[in-house]
Amino acid sequence: MKSLNFLANSNTKNRQFAVIGLGRFGRAVCASLHKMGYEVLGTDIDERLVNQALTQRIASHAIQLDSTEPESLKEAGIFEMDTVIVAIGNYLQESIITTLNVKEAGVEQVVSKASSEIHGKVLRRVGADRVVFPEYEAGCALASNLTQPAFLDRFELDIENSIVEVLVPREFHNQTLSQLDLRKRFGLNVLAIGNGEKFITNPNPSQVLKEGLVMVVIGSNKNLQRLPL
Ligand code: ATP
């Protein structure tokens, strides 16, 4: 499942994050959060990766620690974070113990990377609030992007329904939502309209659509395919 910019933008800015494991995935999470202006603490058992994170400035702070040791996590302040990302995919035992440690210590949101379905199941059992399968998700996203390039982003609600971000089709230019009547014609609802940075949510029926703007639309995948993109 992917997140939409539209949804991500609604998060508060002062959340604090810790990323445990600075492999390719962990580094990417760290760097993206840091770039967006969030406080991020990066940690790894490998000192070389910790130093690299500091020199490349991909985190606000970086500490070398063994995340299977609750004391080390506590000392580093990991338990005070709002969200902890356990980015250890290949070391099953370490990934499971770390997830258990942070969840048991009361961290509100724990997101853990899984390398297989069974690994994901175990992570959920030990308390992960969200389990991600980056390689699988990237593969699905690529396939969707190759076949539906017009969808800028997509949030799958379930197997049949999605919320998508799309550019306003040329055909819709200068028409109001009530003129377009997307609910009746396509079985779709427009949740928001914006320029990619700022959105108007629950737009009025009198809202005029312009080519180049982005609309966030909810509906069945079947109906979404019918948009004239
Ligand atoms: P990817 O690049 O796809 O993220 P990777 O092979 O780099 O995969 P993993 O093997 O999943 O990543 O490991 C991620 C990081 O987790 C590694 O840099 C590793 O040093 C770190 N790590 C492993 N065990 C621990 C631990 N007990 N405490 C802290 N960090 C750990």
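None of the figures in this text is laboratory data; all of them are computed from the coordinates on show. Since this is a predicted model, take the numbers as computed values, not measurements. Counting neighbours? That spans all protein chains shown, and the Cβs are built from the backbone with ideal geometry, glycine included.
With the condition kept exactly as written, say whether any residue in segment 163-182 is among the polar types (S, T, N, Q), surrounded by fewer than 17 Cβ atoms within 10 Å (Cβ to Cβ) and closer than 30 Å to Asn90 by Cβ.
No: segment 163-182 contains no residue that is among the polar types (S, T, N, Q), surrounded by fewer than 17 Cβ atoms within 10 Å (Cβ to Cβ) and closer than 30 Å to Asn90 by Cβ.
How many residues, within segment 142-185, are farther than 19 Å from Ile218 by Cβ and within 21 Å of the chain's Cα centre (by Cα)?
Total satisfying the criteria: 5.
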